[in-house]
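Enquirer: Pasting in a structure now, in structure tokens, and then I'll have a few things to ask.
The values are calculated or read from the model by the stated rules, or taken from the named source; none is laboratory data. Only a predicted model underlies this, so the values are computations on that prediction, with no experimental measurement involved. No Cβ is skipped: glycine too gets one built from the backbone with ideal geometry, and neighbour counts run over all protein chains shown. Note: accessible area is taken over every heavy atom of the protein model, side chains too, but ligands, DNA and RNA are not part of it. Shrake-Rupley method; radii C 1.70, N 1.55, O 1.52, S 1.80 Å.
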Amino acid sequence: MAYNGMSNGEFVKMNDADHDHDHNTRIVEAWLSEFDEALQKQDIAHLITLFDEEECFWRDLVAFTWNLYTAESRGEIGAMMESTLAETKPSGWKIDGQVEEKDGVVSAFLKFETAISRGRGHVRLKKGKCWTLLTAITELKGHEENLGTGRPWGVKDGNVPGRKSWYQTRLEEMEDLGYKTQPYVVIIGGGQGGIILAARLRMLKVPAIIIEKNARPGDSWRNRYSSLVLHDPVWYDHLPYLPFPPNWPVFSPIAKIGDWLEAYVRLMELIYWPSTECKSASYNEKQGLWEVNVERSLGPSTETIMLRPKHIVLATGKAGMPYIPEFPGAERFEGVQCHSSKFKSAEEWVGKQCVVIGSGTSAHDICASLWECRAASVNMVQRSSTTVMKLENCLRNMANEGYREGGPPVDDCDLKFASVPYKISPRFAVPVFQQMAKERAPFYEGLTKAGFVLDWGEDGSGVFTKSLRRGGGYYLDVGASELVSNGSIKLKSRVNIVEIKHKGILLSDGSEVPAELIVYATGYGNMNQWAAKVISQEVADKVGLCWGLGSGTTGDPGPWERELRNMWKPTQQDGLWFMGGNLHQCRHFSLPLALQLKARMEGIATPSYGVPIVNHTS
């Protein structure tokens with residue numbers, strides 16, 4: 001007998017699934033009820049018993065701590081609550097969407113409120129106890145973004161004498177800010193991070209100016225090598241408020257990204273000063289504001305302007321200055337030498353002998369481009385081991401996190417992704433890369449036979465963890481690995497560069513590689529170098545290194561930091577913030593950063609809990 005076209009067995013399975021779902025929902029509801037009661041009573045002693053005794057985490061993005069902070073034990077959760085609970089006054093905890101269960105772990109998205117904000121969260125329960133909890137601020141009460149039903153009308157009813165058009169008002173604003181009135185925030189750096197943050201601030205009515213030395217928005221992408229294509233798929237890279245259109249390519253060429261950012265600046269009505277350079281900045285402790293000296297080019301003339309914002313944001317990417325190692329004899333090389341950031345196009349190197357020093361993403365991309373443009377020879381010099389991941393595997397992993405065509409809303413994906421504390425995220429990654437190594441054994445064997453030195457990260461956790469720890473040392477393969485394996489890209493590994501000769505490089509194995517072009521795909525310094533350049537070395541040392549987790553692995557010195565150093569959160573220098581990361585990170589973390597700035601502008605108390613001491617300055 002069938003029911004609505006289903007067999008009895010199918011009907012029983014459906015009922016079992018419904019029963020399991022109802023049971024899991026009741027588990028979350030019961031935990032939330034007890035959790036909420038403990039919060040209302042400020043019964044911290046009972047509250048911490050709701051968390052798993054062996055291992056538990058509470059990651060907070062601003063909602064409780066006015067910081068990005070992860071408590072990593074019952075004791076640390078209790079300490080965080082002792083400091084923040086009375087002022088926060090959380091309430092209204094509800095399940096937001098479907099409850100899920102996998103391998104005995106029950107999870108759900110949450111909604112909640114505090115005294116001055118609204119937020120979303122995510123919880124994972126093991127045997128009724130909390131394993132991981134995420135709380136994230138999404139809006140400030142009374143200062144909501146003008147979106148959806150709150151969007152502006154754009155026109156007033158009736159006849160208004162002397163009415164100004166939208167265009168007139170826009171021109172007046174662009175001419176006024178920075179001259180007649182001061183911005184609350186100056187964003188130094190007009191790439192993706194600065195633009196996305198400015199859009200968030202715009203929606204919150206925070207006056208902000210972006211300063212960018214390039215001539216047009218998007219030039220930070222256009223000025224890279226012409227063959228560059230994003231290695232992340234479009235559904236992972238959407239910008240807030242304006243997602244990429246459905247006909248956008250899966251992997252975006254840099255010229256299209258540049259054009260999209262330029263259009264985004266115009267459509268989001270941002271105040272963007274191109275051809276403008278910050279010459280210096282200093283903080284006036286007495287007045288609580290910055291004095292930012294900028295040179296702005298307007299056609300044939302250049303003017304010097306002093307801006308006095310309350311806050312500055314260094315949005316110069318997640319890295320510092322281009323790093324070029326010092327090799328003996330480099331000054332006498334007769335060909336062309338450049339850092340990968342200055343490499344423009346492979347087309348001018350047809351029939352030439354080329355050497356690329358490095359084995360990360362830029363090195364692979366440039367080598368492949370040179371080979372495609374028929375350089376006479378392309379040599380990659382690998383100085384350290386590299387993690388390589390096939391793009392197909394990367395896409396599969398992203399799809400498992402929800403980032404896929406037709407997948408869940410990107411904000412949900414971001415929230416769930418953020419709900420995994422950094423402390424345990426490598427644990428999830430290790431089996432993925434172990435399985436990938438088995439599946440792709442012939443691929444990796446081919447690279448190894450060619451002499452390529454592989455690693456999976458020092459603990460086997462792969463690409464994303466390596467990106468968080470050191471910002472490099474990996475490659476998502478879009479084809480260059482095959483050229484290395486088959487010898488089209490010649491490889492020199494397990495060697496050091498002894499000397500740069502007039503027409504080539506001398507290696508420690510005694511071989512000499514001829515070269516008319518040397519590209520240094522050798523990475524970048526730390527982001528706090530920009531603080532040293534723009535402000536002072538004293539301030540750069542005061543805030544310390546940016547990025548990295550303190551894992552104690554290569555390029556990421558300990559002690560453990562819990563969150564990325566200095567990124568999107570308060571620093572040891574009043575009024576100084578750092579904004580950077582890939583498009584996904586900029587999209588997600590721009591909101592908590594913008595809300596921190598908005599709260600300060602509105603005079604809301606923002607006592608920051610858990611701001612770390614500085615362990616490393618360089």
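Enquirer: Percent of accessible area on the chain owned by carbon and sulfur, 1.4 Å probe?
Expert: 51 percent
Enquirer: Where the centre of each part is set by its Cα atoms, how far does the stretch 283-320 sit from the stretch 596-613, in angstrom?
Expert: Each part reduced to its Cα centre gives a spacing of 22 Å.
Enquirer: Write out the chymotrypsin sites (Phe, Trp or Tyr not before Pro) in the stretch 90-166 meeting two conditions: DSSP loop, and at most 14 other Cβ atoms within 10 Å of their Cβ.
Expert: Hits after loop and neighbour filter: Trp153.
Enquirer: Right, something else. How many Å² of accessible area per residue for the chain, probe 1.4 Å?
Expert: 45 Å²
Enquirer: Express the C-alpha Rg of the stretch 424-555 as a ratio against the empirical globular expectation 2.2 N^0.38 Å, rounded to two decimals.
Expert: Normalised by 2.2 N^0.38 Å, the Cα Rg of the stretch 424-555 equals 1.33.
Enquirer: Provide the three semi-axes, in whole Å and in decreasing order, of the ellipsoid equivalent to the stretch 395-480 as defined by the square roots of 5 times the Cα gyration tensor eigenvalues.
Expert: Semi-axes, largest first: 26, 16, 12 Å.
Enquirer: Before anything else, pin down the relative contact order of the stretch 464-517: Cα pairs under 8 Å, at least 6 apart, normalised by residue count, whole percent. Display every interim value, and only then the final one.
Expert: Details: 41 pairs, mean separation 8.9, N = 54.
Contact order relative to length: 17 percent.
Enquirer: In whole Å, how far is the Cα centre of the stretch 410-440 from that of the stretch 118-195?
Expert: What the calculation gives is 31 Å, centre to centre.
Enquirer: Sticking with this structure for a sec: Structure shown: which of Lys41/Lys310; Lys164/Lys569; Lys310/Lys533; Lys533/Lys569; Lys126/Lys318; Lys141/Lys423 lie over 29 Å apart, alpha-carbon to alpha-carbon?
Expert: Lys41/Lys310; Lys164/Lys569; Lys126/Lys318; Lys141/Lys423
Enquirer: Okay, moving on. Convert 37 °C to kelvin, take the viscosity as 0.692 mPa s, use the Kirkwood radius over C-alpha pairs of the stretch 77-181 as Rh, and evaluate the Stokes-Einstein diffusion coefficient in µm²/s, rounded to a whole number. Working shown, then result.
Expert: On the way: Rh = 18.2 Å.
Translational diffusion coefficient: 180 µm²/s.
Enquirer: If you work out Rg/Rh (Cα atoms, Kirkwood Rh) from the coordinates, which of (i) 0.96; (ii) 1.11; (iii) 0.99 do you get?
Expert: (iii)
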